[in-house]
Amino acid sequence: MPAKAISTSAQLQQPSTNKQTKYLLWTHKILPALILVACCLLALSIADKGLASAYYFKANHYLELWQRKPQTLDINSWHQAEDAIKTAVKYHPDHPHYLLTQAKINEWAWYNGFKTADQIAINDQLYQQAISLRPNWPNTYADYAYYLGIVNFRVSEAFDALKTANKYGPFIPETFQRTFSIATYHWPHLNGDQRAKGLYALEKMVKHSNTTYRQAVGDTKQYNLQRIFCLYLRLKKQEFPDSTQKRIEKDFCGGRH
């Protein structure tokens, strides 16, 4: 009787022992290993993003330099910027701002004659990818519109992109700056609605800041649109303070009456 009782007790204890062994295996070996792997992957991800950021800042340095001093753009500095931003995108391919920066660097190459429009056709993909990653970001649509309208002469598509930019950011300067640039560049070929958008952008350019005002004056003179814009701004003179009206007369109207 005692021997039988002992045998039954051993059988009852066996499942409990197996569970304990499995628990110890999980907590002391498998779980720590999984945590170690996760930490390694996290460290690699953080390291990659840190490297991406460093290369982005190098590329952006050149962009800002070219914007301030376009004469500093040469093939060497462009290749430096291109290599840097490509490396940044390699380490962090889903960062929308890095994608936009790559597109802008390509456009500077087109602007300075290093690349043709066909050779920077990848910009379509870069802008579309950036839009999919951040669909509510108006700057992306405004920059994409510039690429479509100025680089590729796809004017209707450019104004469609500007419409979306206005939807998400009607008051940011990039939206009306890009609208004005595209409108003045293509003015003789625009329809009535597109010209109206260009004139409204002109009004915003004049009002916003001295920087956008000077850009408006420069583009107007470059494309010989002083007479048209002078008439429009005179019709809107009640929208401007006296000091701005005087500047308009001098810069857009040439003192004519």
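With 24 Å as the limit, write out which pairs from 163/250; 58/207; 86/163; 69/90; 115/221; 58/90 have Cα-Cα distances beyond it, or answer none. Write down the numbers at each step before the final one.
Working: 163/250 32 Å; 58/207 34 Å; 86/163 30 Å; 69/90 29 Å; 115/221 27 Å; 58/90 15 Å.
Beyond 24 Å between Cα atoms: 163/250; 58/207; 86/163; 69/90; 115/221.
Can you tell me the mean projection area, over all orientations, of the convex hull of the stretch 70-135's alpha carbons? Units nm², please.
Details: hull surface 17.3 nm².
Spelled out: convex hull of the Cα atoms, projected over all directions, averaged, 4.3 nm².
Place a +1 charge on the Cβ of each Lys and Arg in the stretch 105-257 and a -1 charge on the Cβ of each Asp and Glu, then give the dipole magnitude about the Cα centre in debye, rounded to the nearest 20.
Its charge dipole is roughly 640 debye.
What ³J(HN,Hα) values, in whole Hz, does the Karplus curve 6.51 cos²θ - 1.76 cosθ + 1.60 give for the stretch 203-213 when θ = phi - 60°, with x put for Gly and Pro?
In residue order, the calculated couplings are 4, 5, 4, 5, 7, 5, 7, 5, 5, 5, 4 Hz.
Roughly what would the spin-label model give for residue 235 and residue 67, points 7 Å off Cα along C-beta, in nm?
A separation of 3.3 nm, rounded to one decimal place.
Could you go through the stretch 73-84 in sequence order and give the Karplus-derived ³J(HN,Hα) for each residue, using 6.51 cos²θ - 1.76 cosθ + 1.60 with θ = phi - 60°, rounded to whole Hz, and x for Gly and Pro?
6, 9, 5, 5, 5, 5, 5, 4, 5, 4, 4, 5
Pop out the ³J(HN,Hα) list for the stretch 216-233 in order, Karplus 6.51 cos²θ - 1.76 cosθ + 1.60 with θ = phi - 60°, rounded to Hz; leave Gly and Pro as x.
4, 4, x, 5, 4, 6, 4, 9, 6, 10, 4, 4, 4, 6, 4, 4, 5, 5
Suppose we look only past 28 Å in the calculated P(r) of the stretch 54-209. What percent of the Cα-Cα pairs does that tail hold?
Working: 2430 of 12090 pairs.
Taking all Cα-Cα pairs of the stretch 54-209, the fraction more than 28 Å apart is 20 percent.
No value in this document is a laboratory result; all are computed from the given coordinates. Owing to the predicted nature of the structure, the values given are computational and were not obtained by experimental measurement. A quick note on method: Cβ atoms are made from the backbone with ideal geometry, for glycine too, and the neighbour counts reach across all protein chains shown.
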